[in-house]
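Undergrad: Before we start, here is the structure in question, set down as structure tokens.
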Amino acid sequence: MPRQAPPWEELNAAAAELSRMQADIRGSVHPLATVLGTLQLGEGSVLLPGTVIDGHVRIGRNCTVGPHAYIRGCTLIEDGCRIGHAVEVKGSIIRKGTCIAHLSYVGDSILEEDVNLGGGCICSNFRHDAANIRMPFNGELADTGRNKLGCVVGAHSRIGCNCTILPGRVLPPHTATAPGSVVSRP
């Protein structure tokens, strides 16, 4: 089904909503985890030792985050997700059932339902020249008006370990990448 709104507007809308939320912790926060921002944590979810929440973060039900994960900015993590050891997620939307393995970075991105991001993956969100990111939308390469924007990974995709996805890339559902790939085409 085609997107009704551009992905960058989805991220903007999520950030606006999350910035107004109130803390509500129904899951388990390990004593060695740190909450510096506003957290909503769903039932059955766990923040493991060393995990840091810094921003406006909503984590759904039955998720595991950490150990030593860093979740920052306005980030939405839906039900049934696994955010592994030493993963950083910044200003992103992570849809239900998605797994981000250890030592990965996801910046200003949308990972749709049931995505598996292998260990050591990078969803890059910044161009070296600091220009606005362009992203495909409705058959055109659109200027997003943002100089920080990652990628969109379609539902049921499998991203091999140590892959890098450059800013502004859109991967269709059921994409599979080989380990060590660089996704450079918009």
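Undergrad: Pull out all pairs, ordered by first then second residue, where Cβ-Cβ is under 8 Å, the residues are six or more apart or on different chains, the first lies in region 56-84 and is closer than 14 Å to Gly107 by Cα and outside any strand (DSSP E or B), and the second is open to solvent by 40 Å² or more (accessible area, probe 1.4 Å) and not hydrophobic (A, V, I, L, M, F, W, C).
TA: These pairs meet every condition: Ala69/His85; Ala69/Glu88.
Undergrad: Quick check on region 109-167: of everything there that is charged (D, E, K, R) and in a strand (DSSP E or B), which residue is farthest from Ile83 (Cα to Cα)?
TA: If we take residues in region 109-167 being charged (D, E, K, R) and in a strand (DSSP E or B), then Glu140 is farthest from Ile83 (Cα to Cα).
Undergrad: Can you tell me how many residues within region 7-53 are assigned to a loop (DSSP other than H, G, I, E, B) and under 16 Å from Ile94 (Cα atoms)?
TA: Residues in region 7-53 being assigned to a loop (DSSP other than H, G, I, E, B) and under 16 Å from Ile94 (Cα atoms): 2 in total.
Undergrad: Here's something else I'd like to know. Test of understanding: among Arg95, Arg20, Arg58, which residue is of a type in the set (Lys, Arg) and either modelled with pLDDT under 95 or touching a Gly at 6+ places or on another chain (Cβ under 9 Å) (or both)?
TA: Answer to the check: Arg58.
Undergrad: Out of Val89, Val106, which single residue is within 24 Å of Gly145 (Cβ to Cβ), in a strand (DSSP E or B), without any contact (Cβ under 8 Å) to a residue 24 or more places away in the chain and open to solvent by less than 40 Å² (accessible area, probe 1.4 Å)?
TA: Of Val89, Val106, the one residue that is within 24 Å of Gly145 (Cβ to Cβ), in a strand (DSSP E or B), without any contact (Cβ under 8 Å) to a residue 24 or more places away in the chain and open to solvent by less than 40 Å² (accessible area, probe 1.4 Å) is Val89.
The values are calculated or read from the model by the stated rules, or taken from the named source; none is laboratory data. The structure presented is a predicted model; accordingly, all values stated were derived computationally and were not measured. Every residue, glycine among them, receives a Cβ derived from its backbone with ideal geometry; neighbour counts consider all protein chains shown. Quick note on the areas: whole protein, heavy atoms, side chains included, nothing else; ligands and nucleic acids left out. Shrake-Rupley method; radii C 1.70, N 1.55, O 1.52, S 1.80 Å.
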